[in-house]
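To start, the structure under review is shown below, and the notes come after it.
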Amino acid sequence: MTQRTAAPFYLDCDTGIDDALALAYLLASPRAELVGIGTVSGNISAAGGARNTLDLLSLAGHPDIPVAVGAHDPQVGTFHGGAPHVHGDNGIGGVDLPTSDREPIEATAAELLVQLAHQHAGELRVVAIGPLTNIAEALRLEPKLPELVAEITIMGGAAMAPGNITPVAEANIANDPEAAAEVLAASWNVTLVPLDVTMTNVFEESHRQELLASEHPVSQALGEMLGYYFGFYIDIFGRACSAMHDPLAAAIAVRGVELAVAPTVRVAVDTTNGPSRGQTVCDLRGLYAGFPAQSGARCQVVLELGEDFAPHLLGTMQAAWLSEEQVAAPVA
Ligand code: BDR
Ligand code: CA
C-alpha cells in the first residue's frame, strides 16, 4: 500500500463545475489532505456553493471536512447572480446530487481559514479558485496570515491571454478586483494560474466518456456536469471540450504537474473604473531575456505546462477510486 505523505490544504471555491473537478482531484491526490473548505459567491452564491460542496463531499465519502459559507457580496457592489449560462442554475450543470444531511459550520470561510492557518502554522497550503473576497477578509482578520500559510495558489487573471469577462479581465479577478489587489499585494508566496495556461489545457469528449464509464458515483456526476460545461465551450473551441481552470490550479498546488514556463514576477490588479478594471498586470518584460530574477517579485505566473494535463487529472482520480474499490472488495 502506498503511504500518503499529504500536506494540509484549505480550498476556497465557488462550486461550479470546474470547482467540483478541483475538489474531486484534491480528494483523490495522495499529496493533499483537505482540512477545510470555504465558499464565496461567483459561479453561484456562496450558500449555493456550500450546498454543492457538502453534497459532493458526501457522495465522495468524505463527510468530515468542514465547509464554511463565506462572502456573498464582493468588496464593492453586490453579487451579480452567478454564471448559469456556464455552470447551470444550480452551479453544477443541473446535475441532481443526493442531498447531504450536513450543514455548513457556523464560522465564516475567512474565520475557518484563519483558524486552520494557526492549527497548521507554516504548513497550510491555500488553493483559491473563486473570487478572492474571503482571502482578503482573512488577511484583515489575521495580518500574520502570510507568515502562517506556506503558500497560496490562485486560479485567476490573464497575463498575455485575453480575459473571459472583459477584453482583459478574467472572472475570478473581475468579480472582486479590490480583494484580488489586496491578496496579490500581501507578502506571501503566490502562484497564479491564469487563462494563458487554463485555456490551452483542455478536457476532451473522450476524457468525459472515461468518467461516465467509471462505476464511481463522483466520476459519473462529474461526467454529467461536464456535458453542460462543454455546451458553453463549444462556441469557443468549436468542438465538445472544455477549459480546465480550477483542477489545473489544484494540480499545480500539489506539484502534480510539471511546469515549463512559470516566471516569478510583479503582478498588480487594476481597480480603477476604466476599461481595464480587473486586469492582472503581470510584468513579463523579462520574457525577452529569459526571465532574469526581478526585484520585489513574489508571484509565480504559470504560462505553460511541461506535460498534458487531462491524463494526469483522470489518472489521479481513477487511481484513488480504483483503490477505494479494492479496499471495499471482499478478500477472496
Ligand atoms: C474561473 O471562473 C469560474 O467560472 C471558474 O470556476 C474558474 O474559477 C475561470 O475564469
Ligand atoms: Ca471557480
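The values are calculated or read from the model by the stated rules, or taken from the named source; none is laboratory data. It should be emphasised that the depicted structure is a prediction, and the values quoted were computed from it without experimental measurement. Cβ placement follows ideal geometry from the backbone for every residue including glycine, while neighbour counts extend to all protein chains displayed. Ligands, DNA and RNA are excluded from the accessible area calculation, which covers all protein heavy atoms including side chains. Shrake-Rupley method; radii C 1.70, N 1.55, O 1.52, S 1.80 Å.
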- To the nearest 0.05, how large is the calculated FRET efficiency for Glu123 and Leu259 if R₀ is 22 Å and r is the Cβ-Cβ distance? 0.50
- Note on the structure: Relative to the chain, whose Cα atoms define the longest principal axis, helix 309-328 and its Cα axis are tilted in degrees, nearest 10, by 30 degrees
- Per-peptide average of other Cβ atoms within 10 Å, ordering 252-263, 102-113 highest first: 102-113, 252-263
- Query: Could you work out Rg/(2.2 N^0.38 Å) for the chain, with Rg from alpha carbons only?
  - Reply: 0.93
- Hey, if you put +1 on the Cβ of every Lys and Arg and -1 on every Asp and Glu Cβ in segment 146-262, which of Ile154, Phe237, Leu195 ends up farthest toward the positive end of that dipole? Phe237
- Item | the chain - charge dipole about Cα centre, Lys and Arg +1 at Cβ, Asp and Glu -1, debye rounded to 20 | 740 debye
- Message: What number comes out for accessible area per residue over segment 3-323 if the probe is 1.4 Å? Units Å², please.
- Response: 39 Å²
- Query: Ordered by packing density, taken as the mean number of other Cβ atoms within 10 Å over each peptide's residues, highest first, how do 141-151, 46-56 rank?
  - Reply: 46-56, 141-151
- Message: Need one value: the accessible area of Asp73 in square angstrom, 1.4 angstrom probe, rounded to the nearest 10.
- Response: 70 Å²
- Message: I'd like the per residue volume of the convex hull spanned by the Cα atoms of segment 73-174, given in cubic angstrom.
- Response: 148 Å³
- Task: Give the share of C-alpha pairs in each 5 angstrom bin for segment 161-211, from 0 to the last occupied bin, in whole percents, shortest bins first.
- Result: 5, 16, 19, 19, 16, 12, 7, 5, 1
- Would you compute, from DSSP H runs of 4+ residues alone, the mean residue ellipticity of the chain at 222 nm, taking -39500 (n - 2.57) per run and dividing by the full residue count, rounded to the nearest 500? -11500 deg cm²/dmol
- Carbon-plus-sulfur fraction of the accessible area of the chain, 1.4 Å probe, in percent? 52 percent
- Point-to-point label distance, Ala186-Gln209, nm (Cα→Cβ direction, 7 Å offset): 4.5 nm
- Could you calculate the contour length gain from His80 to Glu106, that is, 0.36 nm times the residue separation minus the distance between their Cα atoms, to one decimal place in nm? 6.9 nm
- Taking 0.36 nm per residue of separation and subtracting the Cα-Cα distance, what length does fully extending Asp64 through Ala297 add? 80.1 nm
